[in-house]
Amino acid sequence: MNKMRMLAVGAALLTTAGIGAINAPAASAHYSQCPNYDFCIWDHSNYEGAFMHSRGPVDKVGDRMNDRMTSFWNRSQGWFSIFEHDRFGGYCIEIGPGASRANIGNRFNDQLTSFWPGRCTNPVEIWR
């Protein structure tokens, strides 16, 4: 095969691969994606949908996850606190080491905006 033809075939393969990647459905998050020692949140019940995790404080989860948490898993060995507002404001819920909920229920559903490792001063609830 001559050099020009090889370049054309290579470009066609790259274009096809790129189109396949664009059209491929997005992978769903799953509880198995939550790394050891992290605090993980999902926007749907049963640890599905949009997913975010961190070992450290997050003062604003961003538009993709703001007010969308429905399930969580604290895979850290310490406490995590979740907050209603950014910069750790509003009410606080403490979540114990290893605690998880496939659905947090209607009262607190879709209200998380920030979280940090550790406990808070006046939690409205403590989940173990």
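Each reported figure results from applying straightforward, stated rules to the coordinates on display, with no laboratory input. In this text, all values refer to a predicted model and were calculated from it rather than measured experimentally. In this analysis, Cβ positions are derived from the backbone assuming ideal geometry, glycine residues included, and neighbour counts consider all displayed protein chains.
Filter region 74-115 for residues that are in contact with a helix residue (DSSP H, G or I) (Cβ under 6 Å, 6 or more places away or on another chain) and not small (Gly, Ala, Ser); which is nearest to SER45 (Cα to Cα)? Ranking the candidates gives ASN103 first.
Filtering region 40-56 to residues that are of a type outside the set (Phe, Trp, Tyr) and either assigned to a strand (DSSP E or B) or over 17 Å from ASN106 (Cβ atoms) (or both) leaves CYS40, ILE41, ASP43, HIS44, GLU48, GLY49, ALA50, MET52, HIS53, SER54, ARG55, GLY56.
Listed here are the residues, each with its yes/no results for (1) part of a strand (DSSP E or B); (2) in contact (Cβ under 8 Å) with a residue 12 or more places away in the chain; (3) among the hydroxyl-bearing types (Ser, Thr, Tyr); (4) over 14 Å from TRP127 (Cβ atoms).
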{"residue": "PRO35", "(1), (2), (3), (4)": "no, yes, no, yes"}
{"residue": "GLN77", "(1), (2), (3), (4)": "no, yes, no, yes"}
{"residue": "GLU84", "(1), (2), (3), (4)": "yes, yes, no, yes"}
{"residue": "GLY90", "(1), (2), (3), (4)": "yes, yes, no, yes"}
{"residue": "GLU94", "(1), (2), (3), (4)": "yes, yes, no, no"}
{"residue": "PRO97", "(1), (2), (3), (4)": "no, yes, no, no"}
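When the residues of region 70-128 are filtered to those that are surrounded by 18 or more Cβ atoms within 10 Å (Cβ to Cβ) and charged (D, E, K, R), the one that is nearest to TYR31 (Cα to Cα) is ARG75.
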